[in-house]
Structure formats: structure tokens, C-alpha cells
Amino acid sequence: MDSPLQFARANVERIVAARLPLSVRAKALAELIRSLRSYRWVGIYEVGTESVSAIAWSGPDAPAYPVFPITSGLTSAAIRERKAIIVGDVRTDPRYLTALGNTRSEMIVPVLDSGGNRVIGTIDVESEFANAFSEEHAAECEEFARLALPLWTLPSSPE
């Protein structure tokens, strides 16, 4: 029998290959990742040359900053370092840019282009509990980012 993780991997590939608008596929991806571990909130973002923009999210509310400068927040560290950033208690990290008011932990996973040189998107996972994310969580989301790369790179159906 397939594990929930194997099921999620297969579904990521189906979601990104679907002939649906980008926003619909991104929402389905956010919902799949959120459901895997009962995360409170997951956002899918596009990284441009000057700003980061929410494509879709799954959770109780929209992010407080659906568009923000590429140099802001924990996202800027994930972009600069091209690796997952995990903060156990955002109240102690001055880089934190509020998405939801009661967030305590955040994990930002960069989506790298096919050459691994440039960050073209991010997966943002948030929890209302401190120290909610582990390296295992980051590794899973990094795999989803690799599998979901076509979401950012292939043309989508009209919105």
C-alpha cells in the first residue's frame, strides 16, 4: 500500500501537469502539501526580479503581504542561500514578515530553476506552534518543490 508521502508525490506530478490555470494548480499544490502533515497554512509564491508574489495559498486567511520586495522577510534568506529556511519561533527573528498574525514557526522552501542557479518560487509553510518544523519536513517540501518545478516553468492554461 502507498504511504501518504508516496501518494503526495504522485499527486504533485498530476497537479502540475494538469491543463488548468496556474492559480488553480498552485492552490491544489498548497492544499496537498497542507494536508500531508496537517499544516496550518501553505503559500505558493512566484519570485520575480524585484518582488515576491503569492500565486495561491491554503489556510485560514490570505497572507498579510501578498506581494513584497525580494529583499524582505525570511524569503529573502531562502532566495539568497538557495536552501530551506526554518525558524522555530518567528517572534525572535527580525527577518520575519507577518503572513498571519498568530504564526510562531515558518519554513520557506525555495523552488530552483532547472539548473539550480536561480530561485523562481517558494513554498511557505506556517504553524501556530513554536518549533513545528524539522529537517525532515524541509526535505519533503524540497522534494515537492523539485517535482512541482513545471508549475513555474511551463505555460499554463488561460486563467
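The values are calculated or read from the model by the stated rules, or taken from the named source; none is laboratory data. It should be emphasised that the depicted structure is a prediction, and the values quoted were computed from it without experimental measurement. Counting neighbours? That spans all protein chains shown, and the Cβs are built from the backbone with ideal geometry, glycine included. Just the protein is used for accessible areas: all its heavy atoms, side chains included, with ligands, DNA and RNA removed. Shrake-Rupley method; radii C 1.70, N 1.55, O 1.52, S 1.80 Å.
Values computed for the structure shown
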{"item": "Computed E for T49/V24 - FRET, C-beta separation, R0 25 angstrom, nearest 0.05", "result": "0.45"}
{"item": "Rounded accessible area per residue of the stretch 90-158, 1.4 Å, Å²", "result": "47"}
{"item": "Förster radius 25 Å - calculated FRET efficiency between E143 and N117, Cβ distance, rounded to 0.05", "result": "0.85"}
{"item": "Taking the stretch 1-98 and dividing mean pair separation by its residue count, relative contact order in percent (alpha carbons under 8 Å, at least six apart)", "result": "18"}
{"item": "The stretch 102-159 shape via C-alpha gyration tensor axes, a/c threshold 1.5", "result": "prolate"}
{"item": "Helix-only [θ]222 nm of the chain, DSSP H runs n ≥ 4, -39500 (n - 2.57) each, per residue, nearest 500", "result": "-10500 deg cm²/dmol"}
{"item": "Within the accessible area of the stretch 98-159 (1.4 Å probe), percent carbon and sulfur", "result": "50"}
{"item": "From the coordinates shown, Rg and Dmax of the Cα atoms in Å corresponds to which of (i) 15.7, 49; (ii) 14.4, 45; (iii) 16.2, 60", "result": "(ii)"}
{"item": "Projected label distance in nm at S38 and N102, using a 7 Å step from Cα toward the beta-carbon", "result": "1.5"}
{"item": "Lys/Arg +1, Asp/Glu -1 at C-beta; the chain dipole; positive extreme among G88, T71, V111", "result": "V111"}
{"item": "Potential extension, F129-I70 segment - 0.36 nm per residue separation minus Cα distance", "result": "18.6 nm"}
{"item": "Candidates per trypsin sites (Lys or Arg not before Pro) in the stretch 1-75, loop by DSSP, up to 16 other Cβ within 10 Å", "result": "R19"}
{"item": "Loop-located GluC sites (Glu not before Pro) in the stretch 10-77, at most 15 other Cβ atoms within 10 Å (DSSP)", "result": "E50"}
{"item": "Size of electric dipole in the stretch 38-153: Cβ of Lys, Arg +1 and of Asp, Glu -1, about Cα centre, debye, nearest 20", "result": "240"}
